[in-house]
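What follows draws every value from the coordinates through simple rules; no lab data is involved. Just so we're clear, the structure is a prediction, and the values are computed from it rather than from any experiment. Counting neighbours? That spans all protein chains shown, and the Cβs are built from the backbone with ideal geometry, glycine included.
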Amino acid sequence: MLAESLAALAAAGGAAVVQAAGTDAWEGLRSRLARWFGRGDVQRERAALERLDRTAEALAAAGPDEEAIRRTSARHEALWQARLASRLDSLGEDEREASVRDLQALLPGGNARGAVGGNTFHGPTAIQTGDFGRQENHFGRDA
C-alpha cells in the first residue's frame with residue numbers, strides 16, 4: 001500500500017472522530033474504533049476508549065466559541081490522524097492490509113462503493129479520500 005493512501009486513510013479517520021463526537025454516530029464509531037485499536041487486547045481497547053472519551057470531552061468543553069471549537073477540533077483531528085498512522089505503520093504488510101480494510105469499513109461511507117471516506121481541511125489545503133483515490137486542493141496565491 002502506498003504511504004499516500006495510508007496517510008489519506010489516517011486523515012479520514014481523524015476527521016471522522018472529530019465529526020462524530022457529540023452526535024448520534026459517536027457511540028458506534030467510538031466502540032468500533034476502540035476494537036480496531038485493541039486488536040483483541042482488552043487493555044488496549046480500554047485505553048483507546050479513554051482517549052476517545054477525552055477527545056469528546058475536550059470538544060464539548062470548547063463551548064459555543066467558534067475559534068475554540070476550530071482549534072480544539074484541529075488539534076484532536078491531528079492527534080487521531082497521528083494515532084491511526086502510527087498504528088498502521090507499526091504493522092507488517094499482511095496485517096496492515098487487513099487492518100486498512102477493517103478501518104475503511106468502520107469509517108462513515110467506508111462500505112459504499114465510490115463513497116467519500118473523509119474530508120480534511122488544514123489551512124489552505126483540502127484533502128478528500130474515497131474508494132478510488134485521493135484528491136488534494138490547495139487554495140491561495142501559491143497553489
query: Per-residue HN-Hα couplings for the stretch 31-48, Karplus 6.51 cos²θ - 1.76 cosθ + 1.60 at θ = phi - 60°, whole Hz, x for Gly and Pro?
result: 5, 5, 5, 5, 4, 4, 5, x, 6, x, 9, 4, 5, 5, 5, 4, 5, 5
- prompt: Quick one: if the Förster radius is 35 Å, what FRET efficiency do R46 and R70 give, using the C-beta to C-beta distance and rounding to 0.05?
  reply: 0.70
task: Taking the Cα centre of the stretch 3-115 as origin, work out the dipole magnitude from +1 charges on Lys and Arg Cβ and -1 charges on Asp and Glu Cβ, in debye rounded to 20.
output: 120 debye
task: Report the Stokes-Einstein translational diffusion coefficient (µm² s⁻¹, integer) for the stretch 3-115, Rh taken as the Kirkwood radius over Cα pairs, at 20 °C with viscosity 1.002 mPa s.
output: 149 µm²/s
